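As structure tokens, the structure follows; a few thoughts come after it.
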Amino acid sequence: MKTKVAVIGAGISGASIARVLSRYENLEVHLIEKAPDVGWGVSKANTALIHGGYDDDPDKYPTRAKLCIRGNRLWHRWVKELQIAHVWNGALIVALKDEDFDELERLLERGRRNGVPEMRIVEGDELFHLEPGLTREAIGALWVPIVGQIAPIPAVIALVENAVANGVKTHLETEVRGIKVENGEVKGVKTNNGFIEADVIINAAGLYADEIARMAGIDYFEIHPRKGEYWIFDDDVPGPRRVLFPTPTPVSKGIVVTTEVSGHLMIGPNAQDLPPEEKDNLATTKEGLEGVWEGAKKLWPQLPPRSKVIRTFAGLRPEPTGGDFIIKAEEEVWGFINVAGIRSPGLTSAPAIAYEVAEMIQRDLGIKLVAKSNWNPYRREITHFFMLPPEKANELVKKNPAYGKIVCRCNSVSEGDILEAIERMKFIGVKTPSVDSVKFRTKATTGTCQGSFCRPRIVQLLAKEYGVEPWKVTLKGRGSEIGIGDVKALLRGDEA
Amino acid sequence: MMKPFPEVPMLSYDVVVIGGGPAGMASAIKAKELGLKVLLLDENDYLGGILPQCIHPGFGIHYFKEELTGPEFASRLAKRLVELGVEYRTSARVLEIRNYSDLEKFVLFTSPAGIYGVWAKAIIYAAGARERHAFEIGIVGDRVSGIYTAGEAQTLMDIYGVLPGKGIVIVGSGDVGLIMARRFSLEGAKVKAVIELMPYPGGLARNVMILRDFNIPLYLSHKVVEVRGKGRVERVKVVKVDKNLKEIPGSEFWIEADTLVISAGLVPAVKKLKKIGVEIDPATAGPVVNDRLETSVPGIFVAGNSLVINDLVDYVAEQGELAAEGAKEFIENSGTESRKWIKVERGENVRLVVPHYLSGERDVYLYLRVLKPMEDVELRIPEIGKRLKLLVVKPAEMIRLKLKAEEIRNAEKLTVEVTGA
């Protein structure tokens, strides 16, 4: 008899856990997600950094301190196994005032305690050699070479694809409505799509982890949303070579200036605490964005004119009571494991969190895990026309002409790329066709024009492949349909 | 000859025209008529550029001497192109342009038939423009469905047959925005407001009439600053601005709408030209050109909205022809002759003017826009004593001025100004 495991939440934590658990023969893993696709919650909008592990105080936040550095090391392997876009370009934590040096010294010390390798303080010529565009006001920096960046939603997608290939079953657009507990043991998950039996439930529900925990009768923590806003610029705007941080404050790591993995200058985030009921407030604000702009200018004075902005966005971090990750097999409800409050450095820590959970299943629940002999650690990334040399692209076009046809002109995304993305959406069980699902897999619509040329064409491809009318294709799930009907719908009076 | 990509099949032409809209088609037709071996490349599945989705009339009054719809204008050019046997490829997207020497240009393009390299002696770049989007104009709030550029809304309606929404707010009173206001109204949607940042409408007079015809409120000196909604646009926040375009605190109000259409202007799509060092005029955001529409890189010509944002397709086609004549001369003379150019400069109340350099050897059209609307003015070029009385000038309406070679031949430079009479 296999042990049934329900993982609630297909974000970076849930997806990592599903992948790690997919290697065991005696587990039947169900990954449950209320959104139409994976990675659309907290994992979607963040700074996309693989942190160095120097920032988390091991006395105050022991779990974060332990898992961040471990996660960083694991990502170095995972990005290769799963073909996730990444760059290991290192970070500079920049001092602008003499007092900042004291903080850098503290970070250096803390980093050493946490086991972060190769850190040191750099000054003068070396600093500007590492980052020629850095503000000339900089008087020194902590150099952390192991810091990197990945594409966070593509990472979640890669993990889930790999998990599904290894037997994990996904349940998308499935909202958890209750947890069945009998005699102090979990029995399963009640959802809008019926009951899912489970012997072990892993609560990786991000912003909603407190609500899910309460369904199991566990009520010792609360998650409150902390909003961060960002600007992203066109790819012809010069950005830094390294990830640039200001010297941190007790509240946050500060406003980062970076060139993200796709080559766009990105600045952000600020940190605005929202009341617990605003877990869906992803609105950007003028005041917030202006604050980010001013903050970023301190490190990167040559910010471009506003006409070079291609997008502004906001994300929410799930801030837990106490500030540390809550990763725990709950004693009073046997089989219920909380993976809650996975705020920064959650993306970094995710692989380590997943191994931690596997260990808890063995150690705390006493379930001996039996490794599969045929577990496949590898996953192939979809074709990206823009990454192919012309000779290689031509071989592909000969087999399938769709690869020669560009749909997204800004990022040179081909029709073939998009059709592959749609196949992969279906592979992991995406039921509602959304432009965003294609966007996160292909980069279509993320360039200079933000999709005004190619979005209608992507809608048409999605409509055809999913067998629906084009106006029923959504931007990001139900309620965000592209149109209200065919062009004569209102005149006929049969408006949708 | 070099082989930049040894495995890629190579083609060879006198001139490659990039873009199959009105500028590109007119240009390819002219080049063929002048005896050049020409290849036209367009990334869409069909020729015509943006015209096939412009199903309204108002095209061709100057160029064809009759009023046509967009698709009609495009099909006339396409028909002529096919009759002449101009070689063209659709679904063909240019990936890269390289400039090896004056007469050695290289274009790499992809298409369903494969990736090809093309050698050409000259390139005519007519790739049009792109629309400014909501993020670029600083709109904040929720990133939800129901926000479209005017062109995207037009594509959805008139190419794909999709009605985007039923309660519409339009940002910008330029031609495209006004035409979409009419288009939505005709399909039974309610256009709740057109919001214009400037204190005057941005479109041609004939299009501003649409607002009266369909009883659509126009808010001048206002801007949309925020969108809110879950999944779909539910309401948009509008604020009044002062003379300096600064938001006036306390003037905010919300309009309920399910659709926000952004018609906030066009930007020449010239990234690939910038990459090869073509000089850009900040006033037009397009290349700096001479009176044959040749850019600062010899042998690279530009026409249509990639040169300067036009309001009449007729001028676009005219620029296409001119660029083809330039390419012909360039190839015949094996390059651009060095000469002393007459520089054209922007004077009072002139926002932009092209071309930027004149040879003085031929008649030329200047295309210019004013900074602000004025009445009873004079367009002057003091250096040559040129004066032209104009009843009304508006930023929305491009002024086209013919100068004869003999008028300008001896000038050092020309300053174009529009001032009170």
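Laboratory data are not the source of any read-out in this text; all were calculated from the coordinates shown. In this text, all values refer to a predicted model and were calculated from it rather than measured experimentally. Note that we place each Cβ from the backbone using ideal geometry, even for glycine, and neighbour counts take in every protein chain shown.
If you average 1/r over all unlike Cα pairs in the stretch A:340-402 and invert the result, what Kirkwood radius do you get in angstrom? Could the numbers behind the result be given before it?
Numbers: mean 1/r = 0.0617 Å⁻¹.
For the stretch A:340-402, inverting the mean 1/r across all distinct Cα pairs yields 16.2 Å.
Counting only C-alpha contacts under 8 Å and six or more residues apart, can you give the relative contact order of the stretch B:265-421 as a whole percent? Could you put the intermediate results ahead of the total?
Numbers: 319 pairs, mean separation 32.3, N = 157.
For the stretch B:265-421, the relative contact order is 21 percent.
Taking amide H atoms as placed 1.01 Å from N in the peptide plane, list the residues 5 or more away in sequence, or in a different chain, whose amide H sits under 5 Å from that of A:Ser480.
Sorted by chain and number, the residues that satisfy this are A:Leu475.
Taking K and R as +1 and D and E as -1, what net charge do the other residues with C-beta under 13 Å from the C-beta of A:His224 add up to?
Details: positive: A:Arg226, A:Lys227, A:Lys279, A:Arg317, A:Arg343; negative: A:Asp210, A:Glu211, A:Glu222, A:Asp273, A:Glu277, A:Glu278, A:Glu319.
For residues surrounding A:His224, the net value is -2.
Starting from the Cα of A:Glu81, move 7 Å in the Cα-to-Cβ direction to define the label point; list residues of the stretch A:164-202 whose amide nitrogen is under 17 Å from there.
A:164-168
Across every pair of different alpha-carbon atoms, what Kirkwood hydrodynamic radius in Å does the stretch B:264-389 reach? Don't skip to the end; give the middle numbers.
Values: mean 1/r = 0.0647 Å⁻¹.
Over the stretch B:264-389, the inverse of the mean reciprocal pair distance is 15.4 Å.
Can you give me the P(r) profile for chain A? Cα pairs, bins 10 angstrom wide beginning at 0, each as a whole percent.
Computed distribution, short to long bins: 4, 19, 29, 27, 16, 5, 1, 0.
Under a 5 Å amide H to amide H cut-off, with H placed in plane at 1.01 Å, what residues pair with A:Thr170 once short-range neighbours are removed?
A:Leu31
Using θ = phi - 60° and the Karplus curve 6.51 cos²θ - 1.76 cosθ + 1.60, what whole-Hz ³J(HN,Hα) does each residue of the stretch A:72-86 get, with Gly and Pro shown as x?
Coupling constants for the stretch A:72-86: 4, 4, 5, 4, 4, 7, 4, 4, 7, 4, 9, 6, 9, 4, 7 Hz.
Which residues does a label at A:Tyr355 reach in the stretch A:146-190, if reach means a backbone N under 18 Å from a point 7 Å past the Cα toward the Cβ?
Only A:146-148, A:159 fall inside the zone, counting backbone N under 18 Å.
Given +1 on the Cβ of Lys and Arg, -1 on the Cβ of Asp and Glu, and no further charges, what dipole in debye does the protein assembly as shown carry about its Cα centre, rounded to the nearest 20?
Details: 121 positive and 122 negative charges, 242 e Å.
That gives the protein assembly as shown a dipole magnitude of about 1160 debye.
Can you give the longest stretch of chain A with no exposed loop site, where a site means GluC sites (Glu not before Pro) in a DSSP loop (not H, G, I, E or B) with at most 10 other C-beta atoms within 10 Å? Don't jump to the answer; show the numbers that get you there.
Values: sites that count: A:Glu277, A:Glu331, A:Glu332.
By the stated rule (loop sites, at most 10 other Cβ atoms within 10 Å), A:1-276.
Across all directions of projection, what mean area in square nanometres is found for the Cα convex hull of the protein assembly as shown? Provide the component values of the computation, followed by the final result.
Values: hull surface 161.6 nm².
The Cα convex hull of the protein assembly as shown, projected and averaged over all directions, gives 40.4 nm².
Given H placed on each backbone N at 1.01 Å, which residues far from B:Val191 in sequence or on other chains put an amide H within less than 5 Å of it?
Counting only residues 5 or more places away or on other chains, the set is B:Ile168.
Where nothing but the Cβ of Lys and Arg (+1) and of Asp and Glu (-1) is charged, how large is the charge dipole of the stretch A:1-48 around its Cα centre, in debye to the nearest 20?
Values: 6 positive and 4 negative charges, 12 e Å.
Dipole of the stretch A:1-48, to the nearest 20 debye: 60 debye.
Using only atoms on other chains, find how many Cβ atoms lie within 10 Å of each Cβ of peptide A:435-448 and report the average.
Working: counts 1, 2, 0, 0, 0, 0, 0, 0, 0, 0, 0, 0, 2, 6.
Per residue, the average neighbour count from other chains is 1.
What are the equivalent ellipsoid semi-axes of the stretch A:179-264, built from the alpha-carbon gyration tensor (square roots of five times its eigenvalues), in whole angstrom, biggest first? Mind dumping the intermediate values first?
Numbers: eigenvalues 351, 60, 21 Å².
So the equivalent ellipsoid measures 42, 17, 10 Å along its semi-axes.
Which links in A:Lys392/A:Lys431; B:Lys190/B:Lys230; A:Lys60/A:Lys180; A:Lys80/A:Lys286 stretch past 29 Å when you go from one Cα to the other? Present the calculation step by step, with values, prior to reporting the outcome.
Working: A:Lys392/A:Lys431 33 Å; B:Lys190/B:Lys230 21 Å; A:Lys60/A:Lys180 34 Å; A:Lys80/A:Lys286 39 Å.
Beyond 29 Å between Cα atoms: A:Lys392/A:Lys431; A:Lys60/A:Lys180; A:Lys80/A:Lys286.
With viscosity set to 1.002 mPa s and temperature to 20 °C, compute the Stokes-Einstein D of the stretch A:80-127, Rh being the Kirkwood radius across alpha carbon pairs; µm²/s, no decimals. Please list the in-between numbers first.
Working: Rh = 12.9 Å.
Here the translational diffusion coefficient equals 166 µm²/s.
Say each of B:Leu103 and A:Glu185 gets a label point 7 Å from the Cα, pointing the same way as Cα to Cβ; how far apart are those two points in nm?
Each label point is offset 7 Å from its Cα along the Cβ direction, giving 8.8 nm.
Could you go through the stretch A:308-318 in sequence order and give the Karplus-derived ³J(HN,Hα) for each residue, using 6.51 cos²θ - 1.76 cosθ + 1.60 with θ = phi - 60°, rounded to whole Hz, and x for Gly and Pro?
So the J values, rounded to whole Hz, are 9, 6, 9, 6, 10, 8, 9, x, 10, 9, x.
How many Cβ atoms of partner chains, on average, are near each residue of A:400-413 if near means within 10 Å of its Cβ?
Per residue, the number of nearby Cβ atoms from other chains is 4 on average.
For B:Asp363 and B:Leu84, compute 0.36 nm times the residue count separating them, minus their Cα-Cα distance, and round to one decimal in nm. If you can, show how the numbers build up before the last one.
Numbers: separation 279, 0.36 × 279 = 100.44 nm, distance 2.78 nm.
That pair, B:Asp363 and B:Leu84, stretches by 97.7 nm at full extension.
Once the other residues with Cβ under 13 Å from the Cβ of A:Arg19 are scored (Lys, Arg +1; Asp, Glu -1), what is the net sum?
Details: positive: A:Arg23, A:Arg77, A:Lys372, A:Arg379; negative: A:Glu81, A:Glu161.
Neighbour charge sum, excluding A:Arg19 itself: +2.
Which order do the peptides B:42-49, A:398-405 come out in when sorted by mean C-beta neighbours inside 10 angstrom, highest first? Could you put the intermediate results ahead of the total?
Details: B:42-49: 20.8, A:398-405: 18.5.
Most protected by this proxy first, the peptides run B:42-49, A:398-405.
Measure off 7 Å from each Cα along the Cα-to-Cβ vector at A:Asp494 and A:Lys464, then give the distance between these two points in nanometres to one decimal.
Distance between label points: 2.5 nm.
Short version: ³J(HN,Hα) in whole Hz for each residue of the stretch A:93-105, in order, from phi by Karplus 6.51 cos²θ - 1.76 cosθ + 1.60 (θ = phi - 60°), x for Gly and Pro, what are they?
For the stretch A:93-105, the Karplus-derived couplings read 9, 8, 9, 10, 10, 4, 4, 4, 4, 4, 5, 4, 4 Hz, x marking Gly and Pro.
Please compute the length gained on full extension between A:Glu99 and A:Lys368, using 0.36 nm multiplied by the number of residues separating them and subtracting their Cα-Cα distance.
Values: separation 269, 0.36 × 269 = 96.84 nm, distance 5.21 nm.
This chain segment gains 91.6 nm when fully extended.
FRET efficiency for B:Trp254 and B:Phe214, Cβ-Cβ distance as r, R0 = 25 Å, nearest 0.05?
Values: r = 22 Å, r/R0 = 0.89.
Efficiency computed from Cβ-Cβ geometry: 0.65.
Could you tell me the calculated FRET efficiency between B:Leu371 and A:Phe128, based on Cβ-Cβ distance and R0 = 41 angstrom, to the nearest 0.05?
Details: r = 42 Å, r/R0 = 1.03.
For R0 = 41 Å, the calculated efficiency reads 0.45.
Once the Cβ-Cβ distance between B:Leu391 and B:Glu33 is put in as r, and R0 is 45 Å, what FRET efficiency do you end up with, to the nearest 0.05?
Numbers: r = 38 Å, r/R0 = 0.84.
It comes out at approximately 0.75.
Residues with beta-carbon under 10 Å from that of A:Arg64, excluding A:Arg64: net charge, scoring Lys, Arg +1 and Asp, Glu -1?
Working: positive: A:Lys60, A:Lys66, A:Arg343; negative: A:Asp55, A:Asp56, A:Asp57, A:Asp324.
Here the charged neighbours net out to -1.
If you stretched the chain out fully between A:Asn376 and A:Glu294, how much longer would it get, using 0.36 nm times the residue separation minus the C-alpha to C-alpha distance? Numbers along the way, then the final one.
Values: separation 82, 0.36 × 82 = 29.52 nm, distance 4.71 nm.
Extra length available between A:Asn376 and A:Glu294 comes to 24.8 nm.
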